[in-house]
Amino acid sequence: MRVTRRSWMQTVGGLLLSPAAAAQQAASPGDARRPAASLPAKADFAAMSMTYLDNGGTHPTSLGAQQAVEQYVRARTLQKGTTHFGLDATGDHVRAKFAALINASPAEICFVPSTTAGEHLVVRALGIPASGGRIVTDALHFPDSFYLYEALQKAGMDVVWLKPRADMTIDLNDLHDALTRRTRLIALSLVSAVNGFQHDLKRVCEIAHARGALVYADIVQAAGAVPIDVRDSNVDFAACAGYKWLMGDYGLGFLYVREDLLDRLRRPLHGYYQLAGMQTHLYPFDPPGRQVADFQVRADATGHFALGTSAGACVAQLAYSLDYLRQVGVEAIQRYRQPLLDYARKGLEGLGYRCMTPTHTTSPLLSFIHRNANELAPRLEAARIKVTVADNRFRISPSVFNDKADMDHLLNTLS
């Protein structure tokens, strides 16, 4: 018999939903709440015990997403009236929803456990560091990625680090000057977690492709917060996790790979979720064969990068949250959020705090330089305000449930 992952699960368990039913179950979890008609969407989230302005760190779960996860758990515990959660079919459905969010094809999307995992898979698929050449990255990329590129530099790669200009932006002229014909990859964050700076990704890709280089974008601070069009930008790779602006949870994210590149990439790892089918040759009634098994490998991004099972509760949560983002609209979220950021910026600068977010930025993050910023933590904690605080800077990141009263509470606390 010809064995596939899905047919094996259906044969053994006999409990999987049909693809349509599984998709419907994940997309419309019971009586999950519909998005608010207007922003702020306070009714879509539980009453919070604090003024939460750290959505760029971890976004709270909405009430509708909570219900989606609860429905998933009821199905996993085989409670009366439920059917086994059809994870395979639902996963395809969720990948398609994310693809629509960034204007990609579902074939270009693969689940990954984190943004970092996606970035590492891209590097390995390009044969780096064995293939040699140059990598260009910048100091506003995700700081934890510095560890990866320093390791590649020690392994023989020529790694160039672009530093921000005085206005805390990465200048495209500096990028252009750093490229050579040996440049393999440009690695950057579309929206910087450090200060909210947003690259002109389309222009970056034009510059890179003219020199034969490929572009990887970390979009974890962008997806769900600012409009992304991978077709328009022509970016080669992008990755993100679900627990920030996609309003999911830890343990599941997405890797985008431009479809016309797939045949040029090696499979960095091998996992059974890459398979479209498998025929064994060693069990009773198997047909004879020269190998232990014959495999049919998927040609899409999942067929190149997937390994094993994904976090089922996260799949259910994202099934709801991606619909929520589509219904509210990323552009509408951005339009609502920007006056709050402008108000907070003006107020905090008036109090003497130095903003390190470039002017005219429309990303969801607002960062300030403050020596020994950790000294602010007790004051913020006493006022029950949550922001991101580092050694010498702090960052606020409002979302759909925040309002001007939240900004005023922050300003009064830091005055």
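Among the residues making up region 395-405, those that are buried (at least 22 other Cβ atoms within 10 Å of the Cβ) and not hydroxyl-bearing (Ser, Thr, Tyr) are ARG395, ILE396, PRO398, VAL400, ASN402. Note on region 133-215: enclosed strands (runs of 3 or more DSSP E) holding 3 or more residues that are among the β-branched types (Val, Ile, Thr) are 134-138. Identification of helices (runs of 4 or more DSSP H) wholly contained in region 250-353 with 1 or more residues that are among the polar types (S, T, N, Q), touching a strand residue (DSSP E or B) at 6+ places or on another chain (Cβ under 9 Å) and in contact (Cβ under 8 Å) with a residue 12 or more places away in the chain yields 301-305. Within region 352-375, the set of residues being surrounded by fewer than 18 Cβ atoms within 10 Å (Cβ to Cβ) and aliphatic (A, V, I, L, M) comprises just one member, ILE369.
Here, each number is a calculation from the coordinates, and none is a lab measurement. In this text the structure is predicted, and so the values were computed from the model without any measurement. Reconstructed Cβ throughout: ideal geometry from the backbone, glycine too, with neighbour counts over all protein chains shown.
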